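Enquirer: A single structure is presented below for examination.
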Amino acid sequence: MSEAFYAQRTAAGRLWAHALGIGVGGQDWRPQPSAAMTWVSPSLAVLSKVGCRRPGTCLGHPCMIPSPTSTDGSPVNTWLLAAAAVAFATGLAHTVMGEMLIFQRLRRGTVVPTLGGELLRERHVRILWASWHVLTLLGWCMAAMLVALAAWPASDMTRALARLIGLGMFAGAMTVLIATRGRHPGWLAMSLVALLIEASR
């Protein structure tokens, strides 16, 4: 394409930028030969590092789409990964041991237990079973969030989110500790998750 075409394109781009209140600083809008497109979904594309002149910029302009992985070269936060592993294992043990020690005695050929004896009605047993396993799912969601946070560059936002998860785990640990007088090992596991998260800061 001719130099006149690029001159017209740059001038038109400056007019649009001025109308939108964006300062372009006289930059050339001509694409660089090293630019490469990486398609991450049918409707989303981002410029790969090959086409970036320096970290955080693509074609000389600030990148508008953040990368889901660390772009500053920092290592993955292993403390958060360890916390995620403990949280996942705790949830798995919670579900398996609950089925073996509690709910298998309350069912008769059905997936959802219904036998509550003289104290509990069928609907009470059903919601207790559901609540038990929902707690496991929530714990696994927290573990998945910790894995995601471990991969992102450290920032005030990632540290705040991780600390909120840690506080939730600590509150749960204290609840189990008080309710069972320390006889249930769940409070130790959740306390360990909270300590690992605190150590990651």
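Enquirer: Report yes if some residue within the stretch 173-191 is assigned to a helix (DSSP H, G or I) and in contact with a Leu (Cβ under 6 Å, 6 or more places away or on another chain); otherwise report no. Quick ask: steps written out before the conclusion?
Expert: Step one: of the stretch 173-191, the residues assigned to a helix (DSSP H, G or I) are 173-180, 186-191.
Adding the requirement that they be in contact with a Leu (Cβ under 6 Å, 6 or more places away or on another chain) leaves 187.
Yes, the stretch 173-191 contains at least one residue that is assigned to a helix (DSSP H, G or I) and in contact with a Leu (Cβ under 6 Å, 6 or more places away or on another chain).
Enquirer: Quick one: count up the residues across the stretch 143-197 that are surrounded by 13 or more Cβ atoms within 10 Å (Cβ to Cβ) and over 17 Å from the mean Cα position of the chain (by Cα).
Expert: Count: 16.
Enquirer: Let me ask you something else. Condition first: among the hydrophobic types (A, V, I, L, M, F, W, C) and not in a loop (DSSP other than H, G, I, E, B). Now tell me which residues in the stretch 93-125 satisfy that.
Expert: Passing the criteria: A93, V96, M97, M100, L101, F103, V125.
Values in this text are rule-based calculations from the coordinates and carry no lab data. Since the structure is predicted, the reported quantities are computational estimates derived from the model, not experimental observations. Glycine also receives a Cβ, built like all others from the backbone with ideal geometry; neighbour counts cover every protein chain displayed.
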